[in-house]
Amino acid sequence: MNVRDEMLAKLQQRKPGYSLEQAFYSDPDYYQVDLDTIWYRDWLFMGHDCELPKPGSYMTVQVGAYPVLIVRDAQKNVRAFHNACRHRGSRICSAEKGTAAKLVCPYHQWTYELDGRLLFARDMGADFKPTEFGLKPVHCETVGGYIFINLSEYAPDFAPVRAMVEPYFAPHTLSETKVAFEMTIVEKGNWKLTWENNRECYHCAGSHPELCRTFPEAPGVTGVDAMDEPEIAEHWQRCEAAGLPSKFQISPDGQFRAARMPLLRDAVSFTMSGKAASKRPLSPNVLTPQIGTMLLFHYPTTWNHILGDHASSFRVLPLGPNLTQVTTKWLVHKDAVEGVDYSIDELTKVWIATNDQDRRIIEENQFGINSPAYVPGPYSPVHEGGVLQFVDWYCNFMETRLKGASVPHLKVA
């Protein structure tokens with residue numbers, strides 16, 4: 001039995017409502033199947049289009065074995081390419097971010113236009129055809145200021161994602177923001193543990209004193225039962241009356257969700273005081289007080305908080321079976337001035353502390369799972385509805401693909 005058959009058998013035999021067997025969190029072969037089956041086939045959040053302010057602005061990222069280059073071209077379109085020269089494969093850009101008039105391989109100076117066309121390759125002979133050696137494109141979409149890529153040859157249709165999330169993003173005009181601060185941490189845990197931890201606040205009271213000043217522990221906020229809570233229903237009615245899409249929506253397959261949730265009492269932002277972190281609103285279109293936080297997740301790469309004064313995005317990337325990178329970016333209005341409209345400390349204090357607390361939680365979780373004594377345990381049906389939803393999504397997604405069944409929304413790019 002090969003590893004794919006073994007995984008499929010375990011998925012079909014798993015006990016509903018329980019955590020996964022050890023191998024799903026630690027086995028290198030299972031991890032590789034995760035990469036091949038999910039990470040190399042689905043839409044992945046990479047960053048924000050405000051990070052590419054002008055033609056030639058670029059960012060690089062590593063997804064498993066794939067180095068990727070994302071660039072704004074001369075027509076101001078955002079494009080993505082495999083970050084490997086068509087000559088002998090050298091990475092063209094090694095910096096995480098930068099600006100370049102042309103994309104020039106540092107090895108032999110093969111030079112590409114910002115749209116990927118090969119412009120120059122020295123002494124390659126009379127029969128050499130530059131048109132056959134442009135950079136290999138990667139599927140790329142932008143929506144509401146977010147950049148998604150897809151590494152597969154045939155990308156799933158992005159239209160359902162756009163249709164659901166764009167109305168929620170639109171009032172916040174995130175393309176007119178800037179990244180005020182960003183940080184990356186590495187958690188010594190499997191990427192699914194990062195998500196399981198994110199999808200519940202069962203642990204918040206015992207672990208997150210800073211976050212609990214403003215973020216409610218109500219299970220419906222992080223889970224999938226929000227419509228049953230009167231306070232949340234009232235919040236949605238008030239926000240929607242102000243023109244802000246707010247009600248809970250989730251895709252039919254459970255891969256992405258949007259909803260606007262209230263914060264505690266009179267809090268308006270994730271700060272120690274609950275007051276705004278930035279004096280300048282994130283968007284001039286959203287001035288309604290106490291709109292709470294617009295939550296978006298899209299498995300497997302991102303969860304988000306968009307508030308009235310700033311936004312925070314979180315990007316998850318797997319580095320190994322027990323190693324996960326989490327990058328957090330804080331966005332403010334593009335004209336907000338540090339030291340005048342906001343301070344980095346006030347803006348970031350809650351999530352820097354929360355991220356580190358989550359890192360320790362996840363690493364302890366991984367330690368315990370690695371024990372030969374580990375057996376899957378039951379999730380709380382009251383507090384861990386979000387975790388159940390994530391694990392069900394993962395299992396259903398993997399089972400469908402491991403069976404080799406075609407995915408209905410696949411199409412030729």
| field | Criterion violated by Ile352 - all others in (1) open to solvent by less than 40 Å² (accessible area, probe 1.4 Å); (2) in a helix (DSSP H, G or I); (3) touching a strand residue (DSSP E or B) at 6+ places or on another chain (Cβ under 9 Å) satisfied | value | (1)
| task | For the range 242-254, state whether one or more residues are open to solvent by less than 70 Å² (accessible area, probe 1.4 Å), polar (S, T, N, Q), at pLDDT 95 or above and in a helix (DSSP H, G or I). | result | no
| touching a residue at least 24 places away in the same chain (Cβ under 8 Å) and under 30 Å from Pro372 (Cα atoms): does that describe Ile38? | yes
| task | Just need a number here: residues in the range 195-211 that are touching a helix residue (DSSP H, G or I) at 6+ places or on another chain (Cβ under 6 Å), closer than 15 Å to Tyr394 by Cα, of a type outside the set (Phe, Trp, Tyr) and not in a loop (DSSP other than H, G, I, E, B). | result | 2
| query | For Trp110, all conditions in the list (1) crowded, with 20+ Cβ neighbours inside 10 Å; (2) touching a Ser or Thr at 6+ places or on another chain (Cβ under 6 Å) hold save one; what is the number of the exception? | reply | (2)
| field | Residue within the range 325-341 that is surrounded by 14 or more Cβ atoms within 10 Å (Cβ to Cβ), of a type in the set (A, V, I, L, M) and over 20 Å from the mean Cα position of the chain (by Cα) present | value | yes
| request: Enumerate the pairs (first residue in the range 71-91 and closer than 12 Å to Gln109 by Cα; second residue anywhere and among the polar types (S, T, N, Q) and surrounded by 21 or more Cβ atoms within 10 Å (Cβ to Cβ)) with beta-carbon separation below 8 Å, excluding pairs fewer than 6 apart on the same chain, so at least 6 apart or on different chains. | output: Arg91/Asn83
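Yes/no matrix, rows are residues, columns are (1) under 21 Å from Asn322 (Cβ atoms); (2) touching a Leu at 6+ places or on another chain (Cβ under 9 Å); (3) open to solvent by less than 40 Å² (accessible area, probe 1.4 Å):
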| position | (1), (2), (3) |
| --- | --- |
| Met1 | no, no, no |
| Leu8 | no, yes, yes |
| Pro28 | yes, no, no |
| Pro53 | no, no, no |
| Tyr58 | no, yes, yes |
| Val63 | yes, yes, yes |
| Ile70 | no, yes, yes |
| note | Counting only residues that are open to solvent by 50 Å² or more (accessible area, probe 1.4 Å) and part of a strand (DSSP E or B), the range 143-185 contains a total of 4
| request: Answer yes or no as to whether Gln357 is farther than 27 Å from Gly145 by Cβ and modelled with pLDDT of 95 or more. | output: yes
| message | Consider the range 251-281. How many of its residues are over 17 Å from Glu229 (Cα atoms) and under 20 Å from the mean Cα position of the chain (by Cα)? | response | 8
| Per-region count, the range 5-57, residues in contact with a helix residue (DSSP H, G or I) (Cβ under 8 Å, 6 or more places away or on another chain) and of a type in the set (Lys, Arg) | 3
| Is it the case that Asp42 is open to solvent by less than 60 Å² (accessible area, probe 1.4 Å) and assigned to a loop (DSSP other than H, G, I, E, B)? | yes
| said: If the requirement is being over 30 Å from Leu331 (Cα atoms) and touching a residue at least 24 places away in the same chain (Cβ under 8 Å), which of these qualifies: Tyr58, Tyr66, Tyr154, Tyr107? | reply: Tyr154
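The values are calculated or read from the model by the stated rules, or taken from the named source; none is laboratory data. Note that this is a predicted model, so its numbers are computed, not measured. Here the Cβ is made from the backbone with ideal geometry for all residues, glycine too, and neighbour counts use every protein chain on show. SASA here: full protein model, heavy atoms, side chains in, ligands and nucleic acids out. Shrake-Rupley method; radii C 1.70, N 1.55, O 1.52, S 1.80 Å.
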